[in-house]
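So the structure is just underneath, and the comments pick up after that.
The values are calculated or read from the model by the stated rules, or taken from the named source; none is laboratory data. Every value quoted in this text rests on a predicted model; they were computed, and no experiment measured them. Backbone-built Cβ (ideal geometry, glycine too); neighbour counts: all protein chains shown. Remember, those area values only see protein heavy atoms, side chains included, never the ligands or the DNA or RNA. Shrake-Rupley method; radii C 1.70, N 1.55, O 1.52, S 1.80 Å.
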Amino acid sequence: MTPSPQRAYADFAFRHSFDIAQDVEAAPLAVLDAWIDKVFVGTNPTTGGDGAGAGRGRVGLKRHLVAADAYETILAAAGLDDGKDGGGTVPSLLFDMGPFGSTPWSALLSLVEFVPVDGGARTTVKWGVKTVPKKLDGDGDGEEDDAAARAFTEDLLTKQLAGLAASFKK
């Protein structure tokens, strides 16, 4: 049995992490669909199967982050069945990065959750990122300082979520 995105994220061994959140004035699945199209895909070149990924969560969809020469792939999705699972699963996506190109990381895992608020009329998007820095010399001695890359990434993701929220304002 494949673990849930939340379990896979919780079990991931990491050195650093950060979390951001953004309230959005729309239902969770509408926000998830928009997040995939406007944030994950955006203007990035994509691949994966027919380029769309599988199912509503587009599992297998891969985007190329050209500036970092890295790829991110949606690994798993949960809670996307409009309540058919009993309504107890928060809609969520799990994705990773690799190969790492010019980034300072040897591993990166992200969990994006679309938490229903006010009975599902609104959504709080929670985005967690866990990283493992690359080793300095490849043999396990020391690691790259990834603080600047984490700060840049957190700022970028915060701005992307703010833009997503703004797209739903009337």
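Quick look at the values:
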| quantity | calculated |
| --- | --- |
| Nearby aspartates and glutamates by direct alpha-carbon distance to residue 134 (threshold 20 angstrom, same-chain neighbours under 8 apart not counted) | 11, 69, 72, 96, 143, 144, 145, 146, 154 |
| Gyration tensor verdict on the stretch 85-134 (Cα atoms; rounded if a/c is under 1.5, prolate if a/b is larger than b/c, oblate otherwise) | prolate |
| Whole-percent carbon and sulfur share, accessible surface of the stretch 1-82, 1.4 Å | 53 percent |
| Length gained when the stretch residue 155-residue 143 is fully extended (0.36 nm per residue, less Cα-Cα span) | 2.0 nm |
| Residues of the stretch 21-45 with amide N under 18 Å of the 7 Å Cα→Cβ point at residue 170 | 24-28, 30-31 |
| For the stretch 59-81 versus the stretch 142-170, the gap between their alpha-carbon centres in whole angstrom | 16 Å |
| Residue-normalised accessible area of the chain, given per residue in Å² at a 1.4 Å probe | 50 Å² |
| Extension gain, residue 81 back to residue 18 (0.36 nm per residue minus Cα-Cα distance, nm) | 19.8 nm |
| Amide N proximity, the stretch 86-115 versus residue 38 label position 7 Å along Cα-to-Cβ, cut-off under 19 Å | 91-93, 112-115 |
| Value of Rg/Rh across the chain [Cα atoms, Kirkwood radius] | 0.97 |
| Length-normalised contact order for the chain - Cα pairs under 8 Å, 6+ apart - percent | 27 percent |
| Helix 147-166 vs. the chain, principal-axis angle (Cα, 0 to 90°, nearest 10) | 20 degrees |
